[in-house]
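**Q** Starting off with a structure, shown below.
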Amino acid sequence: GTSSHCANPSRGTMAFVSSFFDDIGGQPTIDAIVATFYQGVATDEILRPMYPEDELEGAERRLAMFLAQYWGGPTTYSDERGHPRLRMRHAPYKVNPEAGHRWLLHFKTGLDSVDLTPEQYERFWDYVTHAATFMLNSTD
């Protein structure tokens, strides 16, 4: 499941604790963000060449699974792919500051396409900006 219960010692009852994944609308929200993101990637002259010709659909599915799991949703990504090893998986590609900027530009369009509260938006944006910086492997 995507949520957990924890005992509330003061009342002796079970309190429902939802995940960020649930709070933002679950898989449909993640799928919408990622679909919009990849619409931008598909026409981006810097990012598109990083994907084999027929690989955008697979990449879209993997990113949606990864983000769902990261935010407390189903563990399908780990079940199918094991440890994310994101830097290793991106090592064959030149991920420079320009590529990182373009990636964030398309991701922002994805975030803008869904209905998040300002706090949810900021939390998601903070994560992806840190992730984009972490993935850089080239300075030119």
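The values are calculated or read from the model by the stated rules, or taken from the named source; none is laboratory data. These numbers come from a predicted model, not from an experiment. Please note: Cβ atoms are built from the backbone with ideal geometry, for glycine as well, and neighbour counts cover all protein chains shown. Quick note on the areas: whole protein, heavy atoms, side chains included, nothing else; ligands and nucleic acids left out. Shrake-Rupley method; radii C 1.70, N 1.55, O 1.52, S 1.80 Å.
**Q** Counting only protein heavy atoms and a 1.4 Å probe, tell me what percentage of the stretch 31-140's accessible area is made up of carbon and sulfur.
**A** Answer for the stretch 31-140 is 55 percent, counting heavy atoms of protein chains only.
**Q** Measure nothing fancy, just the Cα-based angle from helix 26-42's long axis to the longest principal axis of the chain, in degrees from 0 to 90, nearest 10.
**A** Value to nearest ten degrees: 10.
**Q** Quick check for you: with a 1.4 Å probe and neighbouring chains kept, what is the accessible area per residue of the stretch 7-140, in Å²?
**A** Result: 58 Å² of accessible area for each residue.
**Q** Remind me, relative contact order of the chain in percent, using alpha carbon pairs under 8 angstrom and six or more residues apart?
**A** Worked out over the chain, it gives 29 percent.
**Q** Which peptide among 128-135, 96-103 comes first, and what is the full order, when sorted by highest mean count of other Cβ atoms within 10 Å?
**A** 96-103, 128-135
**Q** Moving on. Can you compute the charge dipole magnitude of the chain about its Cα centre, using +1 on each Lys and Arg Cβ and -1 on each Asp and Glu Cβ, nothing else charged? Give it in debye, rounded to the nearest 20.
**A** Around 500 debye, computed over the chain.
**Q** To test your reading of the geometry: what angle, between 0 and 90 degrees and rounded to tens, separates the Cα axis of helix 56-70 from the longest principal axis of the chain?
**A** Here the helix axis deviates by roughly 30 degrees.
**Q** When mean projected area of the Cα convex hull in nm² is calculated directly from the model, which label among [x] 8.5; [y] 7.6; [z] 9.7 fits?
**A** [z]
**Q** I've got another one for you. For the chain, take the longest principal axis of its alpha carbons; what is the angle in degrees between that and the long axis of helix 118-135, to the nearest 10 within 0 to 90?
**A** Tilt relative to the chain: about 40 degrees.
**Q** Only Lys, Arg, Asp and Glu count, each charged at its Cβ (+1, +1, -1, -1), so figure out the dipole size of the stretch 20-100 about its Cα centre, rounded to 20 debye.
**A** Roughly 400 debye, rounded to the nearest 20.
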